[in-house]
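Notes to accompany the following structure.
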Amino acid sequence: MSSSTQRPDPPYQRIVAEIRGRILAGDLRPGDRMPSIRQIAQRWGVAVATATKVMATLRDEGLVDAKVGSGTVVSARTTHKQPAGRATPPTPRQAGVPKKALNRKHVLRTAIAIADVEGLDAVSMRRLAAELGVGPMSLYRHVANKDQLVTEMVDEVFGESELPVPGPDGWRAKLELIARRQWLLGRRHPWMPRAVSFTRPLLVPNMMAHTEWTLRALDGLGLPMTTRIREALTLHALVVTVALSMADEIEAEQETGMTFDRWWLAQRKRAGELLNSGRFPLLATIPEETVSDLDGLFEYNLARHLDGFAVLVADQA
C-alpha cells in the first residue's frame, strides 16, 4: 500500500506519540505533572474518551503513573532516554505475567482507585481493562456497562462505612453520626457526590441501608414518613453540597497544579484592592482561612440544620 493510500493513525495514537516523544526526549521529566484528561481533550480537540485512551496507553507503556493528590505524573522509570526506534519495554501486563482471576470486588476496587486519583471521567471499561491487564470483554461478566459500573462503585463505597446498631442515644446524635460518616466517604472518594442523584436514586443495598438507618433514627418522634424521608434526603443533600465544593477544589488543583493557598496568594493583590476600598467593610474582617475550611463549613451547616429540625421535632411533642 502506498503512503498516499495509507490510513492516518487514530487520533489517540498521534497524541500518544507526541507525548511519548516529549518524555523520552527529556522535555517532560520524571515527576512532572501530566495534562489532565480534560486538558488533553481541550488541547488536542478530541473527545474525553479519546483523551482517556491516551492516558491509558501511556500508563500501560510505563511512561506515566497516577499519584494520589497530584493526578498523573511522568514515571520515575523514564529517567534514561531510549535509543530511537527501540520500543518501550513491555509492562508486566503486556509481558504476559500471570494474572489473578477477576472477581467483582477486584474490578470495583480498581475502578474506585482510578476514580479516587483521576476522577470519574477517567473510568471507562477500556481504561479499567488496561489497568487490570485483561481484555475489555472480560469485564462484561461482572458489569454490563459503565453506568452499572458506577452504580456498583457507589454501593461499594457506601459499604465501607459500618453503621452501629442501634447507634448513639437520641435522634440528633444519630443524625450527626451518619452525616459525618457520609462526609468522610466524600472526602475519601471525591468523585462519589457527583455519582448520586436525588430524583433518580441509585437502588443499591449499601446506600439504601444508610437511608433506612436514618429513617430508623427518627423512630418515636411522631413524624409522618413523608417528613422522615425528606429529612433523610435533606441531610444527605447537605453532605453532598459541601462535598461537591471539595471535589471542585481537588479537580482545580489537579487541572492547574495550584493549591488553594497558592491561588489565593495570586489573587491577594486584587482582593486587597477590593477589600481595602471601604466598600466591603464586613467582608474585610473575615479571616482568610474561613473560606477554605470546608470541614468547618460542613460542621456549621450540620449544626444549624439540626437546630432547625429540633424545632420541628419539638412541635410534634
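The values are calculated or read from the model by the stated rules, or taken from the named source; none is laboratory data. Because the structure is a prediction, the values reported are computed rather than measured. Here Cβ is always computed from backbone atoms with ideal geometry, including for glycine, and neighbour counts include all displayed protein chains. Heavy atoms of the whole protein, side chains included, go into the accessibility calculation; ligands, DNA and RNA do not. Shrake-Rupley method; radii C 1.70, N 1.55, O 1.52, S 1.80 Å.
Candidates in region 52-68 are the residues that are in a helix (DSSP H, G or I) and in contact with an Asp or Glu (Cβ under 9 Å, 6 or more places away or on another chain); of these, the one that is nearest to Ser124 (Cα to Cα) is Thr52.
The set of residues in region 91-150 that are at pLDDT below 80 and crowded, with 20+ Cβ neighbours inside 10 Å contains only Glu118.
Does region 49-75 hold any residues that are in contact with a Pro (Cβ under 6 Å, 6 or more places away or on another chain) and at pLDDT 80 or above, and which are they?
Val74
In summary, helices (runs of 4 or more DSSP H) completely within region 133-213 and bearing 2 or more residues that are in contact with a helix residue (DSSP H, G or I) (Cβ under 8 Å, 6 or more places away or on another chain), touching a residue at least 12 places away in the same chain (Cβ under 8 Å) and of a type in the set (Gly, Ala, Ser) occur at 171-188. Screening Arg270 with (1) modelled with pLDDT under 80; (2) closer than 28 Å to Asp155 by Cβ; (3) part of a helix (DSSP H, G or I) gives one miss only, at (2). Scan region 22-37 and tell me whether some residue there is open to solvent by less than 50 Å² (accessible area, probe 1.4 Å), assigned to a helix (DSSP H, G or I) and more than 23 Å from Leu128 (Cβ to Cβ). Yes, region 22-37 has at least one match.
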